[in-house]
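> The structure under discussion is supplied below as structure tokens; questions concerning it will follow.
The values are calculated or read from the model by the stated rules, or taken from the named source; none is laboratory data. As the structure is a prediction and not an experimental result, all values here were calculated from the model. Cβ coordinates were reconstructed from backbone atoms using ideal geometry, including for glycine residues, and neighbour counts include every protein chain displayed.
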Amino acid sequence: IEYACSPKPLLGKKVLVTAGPTQEAIDPVRFITNHSSGKMGYAIAKAARNLGADVTLISGQTNLEPCPMINTIQIKSAKEMFEEVKKYASNQDCIIKTAAVADYTVKEPALNKIKKQGETLTLELSKTDDILAYLGKNKQANQILCGFAMETENLIENASNKCINKNCDLLIANSINEKDSGFQTDTNKVVIIRPQSITHLELMSKEELAYRVLEECFKGEDYVTH
Ligand code: CTP
Ligand code: CA
């Protein structure tokens, strides 16, 4: 079986992964979400488990199979994701934030189904908490923090700013314009941004990239490649 592979360079390490989209309720039957499939985050969680880590996965709603031997917490909204992350963050060796978190939530979700009325409808939205920025501000000694970013323009500039502003050790940047890369695909072409360096990777499967991301996260530690 997959997780019986050896060696186990992450044995004894605690890894927290967030994955998938968030859902912000408009009313009891509708919500605001995004195209995140959760594939990248699930691939990282499984790779970390296979390498021996104790893995917690905080997941938005996806169509993916549950992962054996991974402590998985299902959430819906950005607020629920933030609450769960806060419960687990402080004793993690590494936190990887692949989730596509809503930047805005519906200020006052309707208690009953909104009825069709006028020609236009206006929804008032309010900003959510930035979970990655919170983790960056509250980073524990020796804790590794890895962000993700999806951009449609100025990839390197935007992603570098996020890496620095959110106090990440590294940030994995991908462009939605890149062929076979992004939300629903099985492959990804990314750039690894660190405060002091930029590394362009070739196109690879999300599984292969998952191992590469973990290797990058634990670089400098006593890490043996699988
Ligand atoms: N993120 C987060 N909490 C939020 C928004 C984003 O933790 N409320 C995290 C994502 O999980 C991701 C990283 O921040 O790891 C970058 O997300 P992204 O949407 O690219 O960046 P934003 O800072 O939200 O900037 P913008 O959407 O304006 O590009
Ligand atoms: Ca955002």
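> Among the candidates Gly60, Gly118, Gly52, which residue alone is at pLDDT 95 or above and closer than 25 Å to Lys166 by Cα? Give the steps one after another, and end with the answer.
Details: Gly118 fails: closer than 25 Å to Lys166 by Cα; Gly52 fails: closer than 25 Å to Lys166 by Cα.
Being at pLDDT 95 or above and closer than 25 Å to Lys166 by Cα holds for just one of Gly60, Gly118, Gly52, which is Gly60.
> Can you name every one of the helices (runs of 4 or more DSSP H) wholly within the range 131-226 that holds 3 or more residues which are within 10 Å of ligand 1 (Cβ to nearest atom) and not aromatic (Phe, Trp, Tyr)?
Because the criterion is at least 3 residues that are within 10 Å of ligand 1 (Cβ to nearest atom) and not aromatic (Phe, Trp, Tyr), the helices (runs of 4 or more DSSP H) in the range 131-226 that meet it are 131-137, 155-165.
> Return yes when Ser77 is among the polar types (S, T, N, Q), out of contact with any Ser or Thr (no Cβ under 7 Å at 6 or more places or on another chain), closer than 30 Å to Leu125 by Cα and within 16 Å of ligand 2 (Cβ to nearest atom) and no when it is not.
no
> Give me the pairs, please: first residue somewhere in the range 131-154 and closer than 14 Å to Phe82 by Cβ, second residue anywhere and of a type in the set (Lys, Arg) and more than 9 Å from ligand 1 (Cβ to nearest atom), beta-carbon distance under 8 Å, and either six or more positions apart or on two chains.
Tyr134/Lys86
> If you don't mind, there's one more thing I want to ask. If Lys13 satisfies all but one of (1) in contact with a Ser or Thr (Cβ under 6 Å, 6 or more places away or on another chain); (2) charged (D, E, K, R); (3) over 23 Å from Lys127 (Cβ atoms), what's the number of the condition it fails?
The single condition Lys13 does not satisfy is (1).
> Given Val85, Val106, which one is more than 17 Å from the chain's Cα centre (by Cα), surrounded by 14 or more Cβ atoms within 10 Å (Cβ to Cβ) and either farther than 20 Å from Val29 by Cα or away from ligand 1 (no atom under 12 Å from the Cβ) (or both)?
The conditions single out Val106.
> Within the range 91-131, can you find the residues that are polar (S, T, N, Q) and either within 16 Å of ligand 2 (Cβ to nearest atom) or within 30 Å of Phe218 (Cα to Cα) (or both)?
Asn91, Gln92, Thr98, Thr105, Ser126, Thr128
> I would also like to ask the following. Given the conditions (1) farther than 26 Å from Lys8 by Cα; (2) touching a strand residue (DSSP E or B) at 6+ places or on another chain (Cβ under 6 Å); (3) in contact (Cβ under 8 Å) with a residue 60 or more places away in the chain, and given that Lys206 satisfies all but one, which numbered condition is not satisfied?
(1)
> Between residues in the range 82-99 that are under 23 Å from Lys39 (Cβ atoms) and residues that are of a type in the set (Ser, Thr, Tyr) and surrounded by fewer than 19 Cβ atoms within 10 Å (Cβ to Cβ), which pairs lie under 9 Å by C-beta distance while being six or more apart or on different chains?
Listed pairs, sorted by first residue: Phe82/Thr128; Phe82/Tyr134; Val85/Tyr134; Ile95/Tyr88.
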